[in-house]
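A.B. asks: Encoded as structure tokens, here's the structure I'll be asking about.
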Amino acid sequence: MKDLAQVKQRIEQLRAQINYHNYRYYVLDSPEISDAEYDLLMRDLQQLEEEYPQFLTPDSPTQRVGAAPVEAFGVVEHPLPLLSLGNAFSQEELLAWYTRALKLVAEQRFKFVCEHKIDGLAVALTYVNGQLTTGATRGDGFRGENITQNLRTIRSIPLSVPKEAPPRFEVRGEVFLPKAGFHKLNQERAKEGLPLFANPRNAAAGSVRQLDPRITAKRPLDIYIYMLGYAEGKATPPTHWETTEYLKSLGFKVNPNNSLLANIEQVEQYHQTWVERRESLPYEADGIVVKVDSLKLQRQLGSIGHEPRWAIAYKFPAIQGTTRLVDIGISVGRTGTLNPYAILEPISVGGVTIRQAALHNEDDVRRKDIRINDTVIVQRAGEVIPEVVGPVTSKRTGQEKEFNLLKKIFDKVKKRPACPVCGAEVIKPEGEVMYYCSNAACPAQVHERLQHFTSRGGMDIRGIGESQSAMLLREGLVKNIADLYDLKDKKEQLTKLERMAEKNVTNMLNAIEKSKETPLARVIFALGIRHIGEEMAELLAKHFGSVGRLQNASKEELLSVPTVGPKIADSIIAFFGREENRRIIDRLRKAGVRLEEEAARPLEELPLAGQEFVITGRLETFSRQEAEARIKALGGTAKSDVTTKTTYLVVGADPGSKLARAQALGTKQLTEEELLQLLGK
Ligand code: IVH
């Protein structure tokens, strides 16, 4: 048995190291070590905590995600209400605010702090005796939701602060999803057939208000702290600027674009600068927040209702433009949804030419009263798909036509609405706003499904992009995803196709062959079951371990998986209920696509089951991590320290102190060569 005091010391040392590197990476954006080195530290700590659970503490960096899902969030009363902000939309309005403030106080020289008004959601974080105890949403300003477990998963939020910090204090800040993360999340949701988040704000709010912290943990959320709510038991600085500097020194992440400015002219300049440069920011901001720097002045100015007189949001002009709506087209999605979209007279909005824009669904078109021939306002929201905000009714001429989806797709010969691509019957499931093409073999649907199947998040078959799948379908070489695996017998036909040199064909076939080893979660995602995105597919893969078991699961079994609700359960059952899909899955299986988790075999049957390995020194044939991964794949475990439970110590070049310990304990030793033999290579 190891000396317990020593273990504890090592654990504390590891935690301090990891916290430091977390801070470098997530708060300062300036890492000092590689991800792999970081992972090693983290794993060492995890192993020690597993072995010595008596030393586990809630502020350990291993404990960010770990809480179980909740039924609902609790309520948090804010000791000091969270205010909102008044708006200024022009220079005149900014000056009006400033003039009003001047009249209210004796001082006639104000310094200001300007910050970006980030589009996210406000949170309040309470620290007691150095530990993060509560994280809450703003709610109505007086009472918010307790989302502590979710906020703990955000790496730029410190779980603990230095002992110099006040014994009790609250900081406030904006949790947000950077543009890149927002973009990626919406792409995933589009693939899953889920409704898209309208903007990063909704996406951040949706991510933070997940009942399962594991889902929040997967969203790349970040935070900027923008003020101190209150602090007890210790004096804090007298100005806003110094306060944010002080918060930085406690480890909080403060926006580096904040500026301390001497007068209102400089505020105007700051605003102008960022109007021009907002596109280059990694996050979405809809304006700046102007704050009076002196906290004494802030107190004197006070607030009216919810809005402080000492701060104001000075908005950026929206990225919008107006143009004519030429027509409304209909596209067919992967799951058969008929999606209306706006066909526009081309217009440049913020430097990007827009020809088409999203209209979501028919209800949306009706609610906004958008008519064909209308002059419409187009907005590039969050730099994703541009959308039609609404009509400019004052510009109506009487030539506008109301849009009716069913009329638009009415087939005069068949005397009924029909899919604009394949002519099949159109259905509208109860309770849904979308119409669907009822024909699973509709070429538009098959094309979208094929795209989805081969996409990166799916089977990742390079060499089959948009144009190749269209060609394969057109030529009749592929009618569904299973046909891809028969292409190897059609090499000759493939080489005859346009822009398909022998080399392209070989690459494509190799990629198809390689995809047979795709991990189960991605296979489940690639099948394109409605409402099953990457995250859900991962949960299902873990829970069921094979496509077969998922296919045979009853509704009750499906509902017993955390976060699977009736909508998802029904969708899975409907998918596997279809004869066509079952046939495709059988064919995938016969073609050799792995439809099982690699380690689905019971652990005890694996060759290295029950054997514990520790590696010391440098290995020649592979990295330590690869070696450990291979050991684990064969059922063994890999640990960082030699104990009486260790089966083998693998000794590489320049072994460390572990060798002496193994000798003392009489642990069996392996050379790298012997390990390779054990691993079957
Ligand atoms: S200060 C009284 N600073 O804007 C001061 N707010 O309408 C209140 N926001 O709910 C907040 N960035 O979510 C402040 N740098 C910033 C901000 C910011 C975004 C949001 C915040 C708040 C809303 C106020």
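A.B. asks: Might you list the cysteines of the chain that have no disulfide-compatible partner by the rule of another cysteine's Cβ under 4.7 Å?
C.D. replies: Those would be Cys114, since no other cysteine Cβ in the chain comes under 4.7 Å of theirs.
A.B. asks: Moving on to the next point. Report the GluC sites (Glu not before Pro) located in region 158-224 that are in a DSSP loop and have at most 15 other Cβ atoms inside 10 Å of their Cβ, or state none.
C.D. replies: Taking region 158-224 and a limit of 15 other Cβ atoms within 10 Å, the loop GluC sites (Glu not before Pro) found are Glu164.
A.B. asks: On a full-extension model of 0.36 nm per residue, what is the gain between Glu598 and Ala574, subtracting their alpha-carbon distance, rounded to one decimal in nm?
C.D. replies: 6.0 nm
A.B. asks: Sort out for me the Cα centre separation of region 316-348 from region 570-589, rounded to whole Å.
C.D. replies: After rounding, the separation between the Cα centres reads 34 Å.
A.B. asks: Among Thr153, Thr148, what is the fewest-to-most ranking by other Cβ atoms within 10 Å?
C.D. replies: Thr148, Thr153
A.B. asks: Which is farthest toward the positive dipole end of region 263-411 among Ser348, Thr375, Ala311, measuring Cα position about the Cα centre, with Cβ charges +1 (Lys, Arg) and -1 (Asp, Glu)?
C.D. replies: Going by the charge dipole, the pick is Ala311.
A.B. asks: Let me ask something else about it. Check Met227: other-chain or 5+ apart residues with amide H under 5 Å from its amide H, H built from backbone geometry?
C.D. replies: Close amide H contacts, sequence-distant or interchain: Arg172.
A.B. asks: Taking other Cβ within 10 Å of each residue's Cβ, how do Met536, Met227 sort, fewest first?
C.D. replies: The order, fewest Cβ neighbours first, is Met227, Met536.
A.B. asks: Using only helices, what value at 222 nm comes out for the chain when you add -39,500 (n - 2.57) per DSSP H run of length 4 or more and divide by the total residues, to the nearest 500 deg cm²/dmol?
C.D. replies: Taken over the chain, the calculation gives -10500 deg cm²/dmol.
A.B. asks: Please get the size of the charge dipole for region 54-193, origin at its Cα centre, with Cβ charges of +1 on Lys and Arg and -1 on Asp and Glu, quoted in debye to the nearest 20.
C.D. replies: Using Cβ point charges on Lys, Arg, Asp and Glu, region 54-193 gives about 300 debye.
A.B. asks: Could you list Cys437, Cys442, Cys422 in order of exposure, starting from the residue whose Cβ has the fewest other Cβ atoms within 10 Å?
C.D. replies: Fewest-to-most Cβ neighbours within 10 Å comes out as Cys422, Cys442, Cys437.
A.B. asks: Projected onto the charge dipole of the chain (+1 at Lys/Arg Cβ, -1 at Asp/Glu Cβ, origin at the Cα centre), which of Leu247, Gly476, Leu295 gives the Cα projection farthest towards the positive end?
C.D. replies: Working it through, the farthest residue towards the positive pole turns out to be Gly476.
Bear in mind that the values in this text are calculations on the coordinates, not laboratory data. Quick caveat, the model's predicted, so the values are computed rather than measured. Because the Cβ atoms are built from the backbone with ideal geometry, glycine has one as well, and the counts that use them run over all protein chains shown.
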